[in-house]
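Quick notes on the structure that follows.
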Amino acid sequence: MIRLAIAEQERIPRWALAQALARQPDLEVVAETDSVDSTLAMLRTQRPDVLVLDATLPDHTGCDVLSEILHLDAGPLVVVLAPCAEPSHAARMLGAGAHAYVSRCDTPQRLLHAIRAVTRGEQVIPPDVAALLAADGHPASALTRREQQVMEMLARGMTNREIADDLAISIKTIDTHRGHALKKLGLRNNADLTRFAVKHGYVTL
């Protein structure tokens, strides 16, 4: 029996997903969450075998979840459920530690296959993502981890104050990271930064 947890921000899709997966004879849904913080807390207590992760949770990025999972003693296998099949976004999530990437446009059988495949030690990679994973780096590989994090949060519409509060650092430091990111990427302002982040799959809208 595969112990399964679902992290999905919207109530009805989360309910429908849990109901559908629970009907499978080899799957047991042990927990449901709707945010990054609640997901991380749940993982420490329930310890599911597989986490089906909504790539657009509201309080942090999907990569933040994956980064935190890597630090858990017994983290789950992660199947990312994304709103699109954008190759660079898929490559980024898989590169950050996801074991499978499934688009919401895929068939239910594709999701079931991914859940079962990761428990067999397989990685489920969309066909057009392999080349990106084999490349030297992502478009923002020149950025530090913090600069990339600030870029993603700005692209999601957060203000400098909100980012500073969330990361527990000063607004001045946030502005410094923003300036470095703009300079390294050859961009002029936050609008350019948002377009870059969406185009290359660092955030989804």
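Taking the stated definitions as given, is THR173 modelled with pLDDT of 85 or more, surrounded by 12 or more Cβ atoms within 10 Å (Cβ to Cβ) and either of a type in the set (D, E, K, R) or touching a helix residue (DSSP H, G or I) at 6+ places or on another chain (Cβ under 9 Å) (or both)? Lay out the reasoning, then the answer.
Details: modelled with pLDDT of 85 or more: yes; surrounded by 12 or more Cβ atoms within 10 Å (Cβ to Cβ): yes; either of a type in the set (D, E, K, R) or touching a helix residue (DSSP H, G or I) at 6+ places or on another chain (Cβ under 9 Å) (or both): yes.
Answer is yes for this residue.
Among the residues of segment 98-107, none qualifies, meaning not one is assigned to a helix (DSSP H, G or I) and hydroxyl-bearing (Ser, Thr, Tyr). Within segment 108-122, restricting attention to residues that are free of Cβ contacts under 8 Å to residues at least 40 places away in the same chain and buried (at least 16 other Cβ atoms within 10 Å of the Cβ), which residue is nearest to GLN24 (Cα to Cα)? Among them, the one singled out is HIS113.
Applying the set (1) in a strand (DSSP E or B); (2) of a type outside the set (S, T, N, Q); (3) over 20 Å from ARG92 (Cβ atoms) to LEU21 leaves exactly one unmet item: (1). Against the conditions (1) over 15 Å from VAL80 (Cα atoms); (2) modelled with pLDDT under 95; (3) touching a strand residue (DSSP E or B) at 6+ places or on another chain (Cβ under 8 Å), where does LEU27 fall short? Just the number, please. Every listed condition holds for LEU27 apart from (2). Which pairs turn up if I take residues in segment 17-38 that are under 15 Å from PRO58 (Cα atoms) and crowded, with 19+ Cβ neighbours inside 10 Å and look for partners that are among the β-branched types (Val, Ile, Thr) and at pLDDT below 95 with beta carbon separation below 8 Å, at least 6 apart in sequence or on another chain? Matching pairs, first to second residue: THR33/THR39; VAL36/VAL65.
The values are calculated or read from the model by the stated rules, or taken from the named source; none is laboratory data. Since we're looking at a predicted model, the values are computed, not measured. Cβ atoms come from the backbone with ideal geometry, glycine included; neighbour counts cover every protein chain shown.
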